[in-house]
1. Rank the residues 88, 264, 203 as a footprinting-exposure proxy: fewest other Cβ atoms within 10 Å of their Cβ go first.
2. Grab the other residues whose beta carbon is less than 11 angstrom from that of residue 269, score K and R as +1, D and E as -1, and report the net.
3. Go ahead and run the numbers for FRET between residue 210 and residue 272, Cβ-Cβ distance against an R0 of 22 Å, rounding to 0.05.
4. Two decimals, Cα atoms only, Kirkwood Rh: what is Rg/Rh over the chain?
5. Count the lysine pairs in segment 147-198 that are 8 or more places apart or on different chains: how many have C-alpha atoms under 21 angstrom apart?
6. Taking the 0 to 90 degree range and rounding to the nearest ten, how far is the long axis of helix 102-112 tilted relative to the main principal axis of the chain, both from C-alpha atoms?
7. I'm checking a number: the convex hull volume of the Cα atoms of segment 130-260, normalised per residue, in Å³. What is it?
8. Have a look at 37, 214, 261 and tell me which one the Gaussian network model of the chain (Cα, springs below 10 Å) gives the largest fluctuation.
Amino acid sequence: MDRDPHIVGVFFYAIISIMEFNQEQLKEFEGTTLDFNAIKDLFDESWDLGYLSSDRLLQCAHSPLKEKFHVYGIDYSNGIKFDKIYNSIVFVKKGHTWDYSHYQQAIDILSNAKLEVPWCPSYTNYKEAAVHAGLGVRAKNSLIYSYKFGFDCHFCMISFVTKIVNYPNVDKKRNFKLWKRCEGCDDCIKHCPAKAIHYSEDSPPWIDGAACQNFIFFGKDERVPNVINFWHKNVHPEIPQEVIDSVESFPPSIDIRWDKNGYSYDGNVTWKDGKKVAVPHCRECASQPRCSKWKGRYPYEDLG
């Protein structure tokens, strides 16, 4: 079966196998089983996988997102009523750059496997899903520390109509508390250039999403790059520098379009002449904590 992704604005939707069956056929598949390891074996060591039952997915669906940005497939987020909730597998992809091509990579791998059961990419609060699936634990910086890849990873999810069996028991790995290594450590809070990470003894950690997003795109720091300067240099250098410097927050006063000099943006990945581009942007929340492999010096200079 051919897979034909369609771009709608900044959102990705996909025509996938679950839509190629009628309701009667889907009902029949609900009585069949799929071995978790048959899926896991399709993915190399740059991935980690975990099982998410339909009842746990429902919990994740009711955990609000600050912004629905990378909607891909069935949308299980920021609502109070959802159609059929399916058992799912959460995927963790190793990677530390601004690159969300792992959504399509997961779809391509499953498509090439020519599975005989209906499946569909799905979208929810991936951080909650990762914790429920026993793949990681939440840290003070609000990120999920993957047990396999640390902070340097991205998440996605695939839902299956069939019952999933032989999945690993992660009861001992499933931890809804703050990561123990965060106790007594405020590295991410102290070194966040956007001052977006907040924590006190009488409240859980929280992120000022607007402050974080504004700094990523428009922040001014001698060492940490921002998106608009990269865009200005490579896509629209004709815009006067004083105009660029005047933009500090969303909504920006200029239209940031990746539409010149071979650049494009498909909602998940920035491209240059058909090749993926790693756009430098703030990674301090993942590089400053003493638990990070970057030891406070993320290699922005290697990204472009």
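Derivation of every value follows stated rules applied to the coordinates shown; laboratory data play no part. Remember, it's a predicted structure, so these values are computed and weren't measured experimentally. We place every Cβ from the backbone using ideal geometry, glycine too, and count neighbours over all the protein chains shown.
1. 203, 264, 88
2. +1
3. For R0 = 22 Å, the calculated efficiency reads 0.15.
4. Reported Rg/Rh, Kirkwood definition of Rh: 0.97.
5. Final tally of qualifying lysine pairs is 6.
6. Taking Cα atoms only, the helix is inclined about 30 degrees.
7. On the way: hull volume 24.0 nm³, N = 131.
Dividing the Cα hull volume of segment 130-260 by its residues yields 183 Å³.
8. 261
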